[in-house]
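Report on the following structure.
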Amino acid sequence: MNSFLSKKTGYYIIFAAFCTAGIIFDFIKFPAPIIFPDFLKMDISVIPSVIIAFTFGVLPGILLEFIKNTVHLFIFYEDSKSINEIANFIINCSFIYCAGALYTKNITKKNAVIGCLLGSLAITAAAAFIHNSFVIPAYDEILYHTPEDIIEAVQKTIPFVKTQTEYILYCITPFYLLKGLLATGITVLIYKKIEPLLNWHEYYPDENQNE
């Protein structure tokens with residue numbers, strides 16, 4: 001029973017640590033490459049959720065992402081009226097699901113890399129769909145930022161973009177693909193360092209041995 005309690009405590013400690021990291025990373029934004037408009041910022045806040053999905057499974061990874069976006073929502077509600085947080089949650093969950101589901105089926109570095117690459121494609125497709133069907137209409141309806149306002153801002157860096165479809169195709173799609181590949185690259189680089197953490201349960205004896 002004592003080993004079980006220790007294992008359960010370890011679970012909560014690791015989850016809380018990565019949850020805190022995800023929340024902190026969510027506040028650290030940095031500029032995207034110069035070809036993208038100023039309102040699109042890069043961040044690596046999905047990485048703690050992916051690592052938790054690797055460690056404990058997809059659902060805990062999604063739970064961490066939910067907590068992170070909920071905290072962000074409470075702080076920045078007046079800025080986005082929850083539009084950004086809802087979109088960010090759905091988009092990032094596509095990455096977490098693909099990466100975590102593949103990795104936990106067969107725990108190898110190869111599967112971690114392939115899962116993250118599939119996650120990069122998933123996050124790109126999800127972002128294109130969510131921005132086109134939810135974010136742009138919601139900004140127009142709730143925040144009174146019309147599609148024309150968005151396109152005008154985009155044209156400062158991508159002057160040939162003239163329609164909403166072109167905005168999704170030439171701005172949102174490459175931005176999120178780059179964001180996914182950045183998360184993939186960092187995850188691969190730190191994999192060896194966090195591998196003992198991913199296999200944390202191996203350090204606990206079977207609880208039945210202590211009964």
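Just so you know, all these numbers are worked out from the coordinates, no wet-lab data involved. Since the structure is predicted, the reported quantities are computational estimates derived from the model, not experimental observations. Please note: Cβ atoms are built from the backbone with ideal geometry, for glycine as well, and neighbour counts cover all protein chains shown.
Annotations for the structure displayed:
- Rounded to the nearest 20, the size of the Cβ-charge dipole of the range 116-173 about its Cα centre is 240 debye, with Lys and Arg at +1 and Asp and Glu at -1.
- Remark: relative contact order (the range 1-146) = 19 percent; criterion is Cα-Cα distance under 8 angstrom and separation of 6 or more residues.
- Protection proxy ranking for 27-40, 118-131, 165-178, using the average of other Cβ atoms within 10 Å per residue and placing the highest first: 118-131, 165-178, 27-40.
- Translational D in µm²/s for the range 38-195 (Stokes-Einstein at 37 °C, 0.692 mPa s, Kirkwood Rh from C-alpha pairs): 202 µm²/s
- Rounded to the nearest 20 debye, the dipole magnitude of the range 1-113 is 600 debye, with +1 charges on Lys and Arg beta carbons, -1 on Asp and Glu beta carbons, and the Cα centre as origin.
- A simple rule links phi to the HN-Hα coupling: the Karplus curve 6.51 cos²θ - 1.76 cosθ + 1.60 with θ = phi - 60°, which for the range 164-173 gives 5, 4, 5, 4, 5, 6, 9, 10, 5, 4 Hz, with x for Gly and Pro.
- When the listed pairs 29/110; 8/193; 68/179; 81/162; 29/68; 8/179 are checked against a 25 Å cut-off, the alpha-carbon distance exceeds it for 29/110; 81/162; 8/179.
- Residues whose amide H falls under 5 Å from that of residue 42, counting only those 5 or more places apart or on a different chain, are 30, 32, with hydrogens built in the peptide plane.
- Selected from 75, 131, 118, residue furthest toward positive end of dipole (the range 69-187; charges at beta carbon): 118
- Note on the range 18-79 and the range 97-169: Cα centroid distance 15 Å, given to the nearest whole angstrom.
- Packing-based order for 94-107, 134-147, using average beta carbon neighbours within 10 Å, highest first: 94-107, 134-147
- In this simple spin-label model, placing a label point 7 Å from the Cα along the Cα-to-Cβ direction at both residue 66 and residue 195 gives a separation of 3.3 nm.
- Dipole check for the chain: with +1 at the C-beta of Lys and Arg, -1 at the C-beta of Asp and Glu, and the Cα centre as origin, the magnitude is about 700 Debye.
- Added length on full extension, which subtracts the Cα-Cα distance from 0.36 nm per residue, residue 42 to residue 13: 7.6 nm
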